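Note sheet for the following structure.
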Amino acid sequence: MDPKEFPEKRLSEPGGEAKPQIFRTLRNIDLNLLTIFEAVYVHKGIVNAAKILNLTPSAISQSIQKLRAIFPDPLFIRKGQGVTPTAYATHLHEYISQGLESILGALDLTGSYDKQRTITIGTTPSIGALVMPIIYQAVKREAPQLLLRNIAIGDGETQLGQFQTDLIVDSNTLNTRALSHNVLFTDRLLLVCRKQHPVLSKTATVENLQEYEQTLLVLEGQNMNALRLRVNDIFPERQVTFSSYNMFTIAALIGSSDLIGIIPARLFNLLRQCWPLEQIPFTPLNEETVDISLYYNKLSLRDPVLENVINVISEAF
């Protein structure tokens, strides 16, 4: 085959005009021959390549003959006890070696940690702002070649079960048997209002607090029924006049109105830097806690890179 007939476009390029020709060309080439070519090139001989690949020298020689029928060049010339590559073979080696390394890097069959790879982590916006800086620093310190991508949580159980995301960090409880989790930290709940709110001048009792309307965080698929029941027991007649899926929105509204709301302590310390928020000391609620957990598919532990990331993140907290 003349080199001029090789498709010039890459598989990933838009247009698609060259793709049928690329697939037809590849179909006519036994890709195992490229592995044999590389072994002969790197080990400078048919006998040495045969030992490495656990094949007979005769099988290697037959493969080289097939390659010579494909490419317009002898590829290797006998020299002493071994062979020396032609200029054309050296040209092929530059491309074939890069291609094979890219394939191995994508498959990561050896679990080596020096290959670039993207790890996808699902979070809500507020939890992402809280944990991703810590996760980023920890992962970059232990595995600097990895890239991190943060995505939104839709249906967490489906996202992990179908490997649409590698990891999820959430306060929601995911109960599917295929999933496992590590608790990163436990946070106590705080009752929060804006600074200079009238409630701060009074003793925080259930009766006094019920004079004010409250906010409510609502997340799709949230499974925190037990905690919600306990909160409802603390505030049996609370008036919820604003709900949102986004804690940032809730914090902004609390900071600019007489609404009060419930926010985990670590998140409160972050949000108070953006909005004028104040804690209302209220022991019955402060005794309640919420777990922030790292969820993953149990099958992910077969992946040494992902297993290492899970351990790194868990130790960071």
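Just so you know, all these numbers are worked out from the coordinates, no wet-lab data involved. Worth saying up front: this structure is predicted, and the values here are computed from it rather than measured. Don't worry about glycine lacking a Cβ; one is built from the backbone with ideal geometry, like all the others, and counts go over all protein chains shown.
Normalised by the residues of the stretch 51-192, what does the relative contact order come to in percent, with Cα pairs under 8 Å and at least six apart?
This gives 18 percent for the stretch 51-192.
Tabulate in residue order the Karplus-calculated ³J(HN,Hα) for the stretch 288-305, using 6.51 cos²θ - 1.76 cosθ + 1.60 with θ = phi - 60°, rounded to whole Hz; enter x for Gly and Pro.
Using θ = phi - 60°, the values come out as 7, 10, 9, 8, 9, 10, 9, 9, 7, 6, 4, 5, 5, 5, 6, 8, x, 5 Hz.
Mind putting together the pair-distance distribution for the chain? All Cα pairs, 10 Å bins, whole percent per bin, short to long.
5, 19, 19, 16, 13, 10, 8, 6, 3, 0
Nearest 500 deg cm²/dmol is fine: what mean residue ellipticity at 222 nm does the chain get from its DSSP H runs of n ≥ 4 alone, each adding -39,500 (n - 2.57), divided by its residue count?
One gets -12500 deg cm²/dmol as the mean residue ellipticity at 222 nm.
Normalised by the number of residues in the stretch 196-258, what is the relative contact order in percent for Cα pairs under 8 Å and 6+ residues apart?
42 percent
Report the relative contact order of the chain, percent, no decimals, based on alpha-carbon pairs under 8 angstrom and at least 6 residues apart.
Contact order relative to length: 19 percent.
State which stretch of the chain is the longest one without any exposed trypsin sites (Lys or Arg not before Pro), exposure meaning a DSSP loop state and at most 14 other Cβ atoms within 10 Å.
By the stated rule (loop sites, at most 14 other Cβ atoms within 10 Å), 11-176.
Dipole of the chain, Cα-centred, from +1 at each Lys and Arg C-beta and -1 at each Asp and Glu C-beta, to the nearest 20 debye?
Its charge dipole is roughly 1220 debye.
What are the extents of the Cα atoms of the stretch 151-296 along their three principal axes, in Å, largest first?
Taking max minus min along each principal axis of the Cα atoms, the stretch 151-296 gives 51, 30, 25 Å.
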